[in-house]
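Everything below concerns the one structure shown next.
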Ligand code: XUL
């Protein structure tokens, strides 16, 4: 029975999952994580980021990622039983981060020496020792320049799926050109973390998949090819330095001889890597339109699948390529767990207290609203944090507990409208998905069933599932995506929460009030209190 390996090189760690899949037998047989800070302390990273003096700048080490890859594959080779049955490897990586390789890299990739460590051979391939990553926010000037040059943010969003964002790779490349021109000129190939690691596995420059390439502000979403005007606006001669873009199920080749000789892995297929969000979509079972995944984590994210590349007209969401061939719509809220914890801690509560208060208080919060922008917010864009209250007393404990959850769910519902609909069901992941009362508010606001999902490493699992899909396809047996994920991605039926029709109706009306509060707080609308009063009377809140 074949085995498939999925790797996920995230900001803080490298994770590997090996799955066994054949017919109805579906099992995770190996799972291991290697946290960069602890496992590779000589790079001196904190949370996977190199020491930073400017808080807006975030860079990491491509050599560290390579060293982690060798450590992890050595462990896989030693610990996975029946490794001869390994059939294919695919990978996932943090999005947007870029690796700058020199013109000798192609030859060096093709002649990796199994007597030496990988980490000792990578520096000679690089034109830049560090890689800017997604946490970098230092390229506002470059974002504006690129957007201006292509006809504005809206044009850029319509063509590439996102307006210019600081962490996206195009603005990062432009910053390098402006600050370190010689380094830029010495660069022969600019990889993303995903295609860099895939290149090390196959021993030649690997292509990007559309899922990760769409996080660069450089790819034409509809055709999946580089968009000339954005490429030209970013840096001269950039087209010659960008990898090819290949379908996400492309088999890149087989594992380079280095890996067979150095760690003893068999000569298996290597499948194109992708970004962690596209891989997580698969790892949470998001394979067709109408399904939506909500991840309640440090930040809250809502993502869905669509067949048409439509950009968010408000400019806050993203459209990436999906591993299924369509598109992944994604909106991210920065005040997620942090906001929930702030309210919990301010009133000295436990999560059980939060649940009890939600159970004992009235949906609709008597028409009182809270905008929980404790920190600057991505969606809607709020540059300076600060909570806003509408009709809510500062010391009203229960009102705040209900207020923060209702506001988060209404914000999600409002700002996910651009993704298209209708939503059939929601799968909830992340820490807060374990809280039934929070999921009940979600179900009531959206008016659909919400089912929690127990997955830890959804990106690594998604990568392993992509390996299974591409391997079967290469053998002439293309599996429907539902069959790929079956047995691995199981919503917890016992945790399913159904909407209460009366509550949903109440929230539908209250959403107008919430929308008015946001507009008011952003200086774009009148005092919402008269409207809230009207809704309160009408709905008997
Ligand atoms: C997505 C993003 C992050 C990284 C994290 O746009 O910046 O989710 O992919 O690894």
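The values are calculated or read from the model by the stated rules, or taken from the named source; none is laboratory data. Note that this is a predicted model, so its numbers are computed, not measured. Because the Cβ atoms are built from the backbone with ideal geometry, glycine has one as well, and the counts that use them run over all protein chains shown.
Summary table
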| read-out | value |
| --- | --- |
| Qualifying helices (runs of 4 or more DSSP H) (wholly inside the range 183-285; at least 1 residues being in contact with a helix residue (DSSP H, G or I) (Cβ under 7 Å, 6 or more places away or on another chain) and under 19 Å from residue 470 (Cα atoms)) | 193-202, 210-213, 276-283 |
| Residue, surrounded by the fewest Cβ atoms within 10 Å (Cβ to Cβ), within the range 165-177, restricted to residues that are in a helix (DSSP H, G or I) and in contact with a helix residue (DSSP H, G or I) (Cβ under 7 Å, 6 or more places away or on another chain) | 177 |
| Top-ranked residue of the range 329-344 - restricted to ones that are in a loop (DSSP other than H, G, I, E, B) and within 13 Å of the ligand (Cβ to nearest atom), ranked as nearest to residue 96 (Cα to Cα) | 334 |
| Considering residues of the range 241-299 that are free of Cβ contacts under 8 Å to residues at least 60 places away in the same chain and under 26 Å from residue 128 (Cα atoms) only, the residue surrounded by the most Cβ atoms within 10 Å (Cβ to Cβ) | 245 |
| Some residue of the range 321-328 being closer than 25 Å to residue 154 by Cα, away from the ligand (no atom under 16 Å from the Cβ), in contact (Cβ under 8 Å) with a residue 40 or more places away in the chain and assigned to a loop (DSSP other than H, G, I, E, B) | yes |
| Every residue from the range 405-427 that is in contact with a strand residue (DSSP E or B) (Cβ under 6 Å, 6 or more places away or on another chain) and within 18 Å of residue 363 (Cβ to Cβ) | 407, 412, 426 |
| Residues (buried (at least 19 other Cβ atoms within 10 Å of the Cβ) and within 25 Å of residue 352 (Cβ to Cβ)) located in the range 412-436 | 412, 426, 427, 428, 429, 430, 432, 433, 435 |
| Matching residues in the range 452-476 - criterion: being at pLDDT 95 or above and not in a helix (DSSP H, G or I) | 475, 476 |
| Every residue from the range 1-18 that is surrounded by fewer than 24 Cβ atoms within 10 Å (Cβ to Cβ) and more than 16 Å from the ligand (Cβ to nearest atom) | 1, 2 |
| Index of the failed condition, residue 320 passing every other in (1) surrounded by fewer than 19 Cβ atoms within 10 Å (Cβ to Cβ); (2) modelled with pLDDT of 95 or more | (1) |
| So residue 303, is it modelled with pLDDT under 95, within 19 Å of residue 134 (Cβ to Cβ) and in a strand (DSSP E or B) | yes |
| Counted residues, the range 1-51 - those being under 20 Å from residue 472 (Cβ atoms) and within 24 Å of the chain's Cα centre (by Cα) | 8 |
| Breaking point among (1) assigned to a loop (DSSP other than H, G, I, E, B); (2) touching a residue at least 24 places away in the same chain (Cβ under 8 Å); (3) surrounded by fewer than 23 Cβ atoms within 10 Å (Cβ to Cβ), for residue 162 | (3) |
| Evaluation of residue 506 against (1) over 18 Å from residue 29 (Cα atoms); (2) in contact with a strand residue (DSSP E or B) (Cβ under 6 Å, 6 or more places away or on another chain) (one fails), failing number | (2) |
| Count - residues of the range 19-59 that are surrounded by fewer than 17 Cβ atoms within 10 Å (Cβ to Cβ), touching a helix residue (DSSP H, G or I) at 6+ places or on another chain (Cβ under 8 Å) and not in a strand (DSSP E or B) | 2 |
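Yes/no matrix, rows are residues, columns are (1) under 10 Å from residue 444 (Cβ atoms); (2) touching a residue at least 24 places away in the same chain (Cβ under 8 Å):
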residue	(1), (2)
498	yes, yes
510	no, yes
513	no, yes
521	no, yes
526	no, no
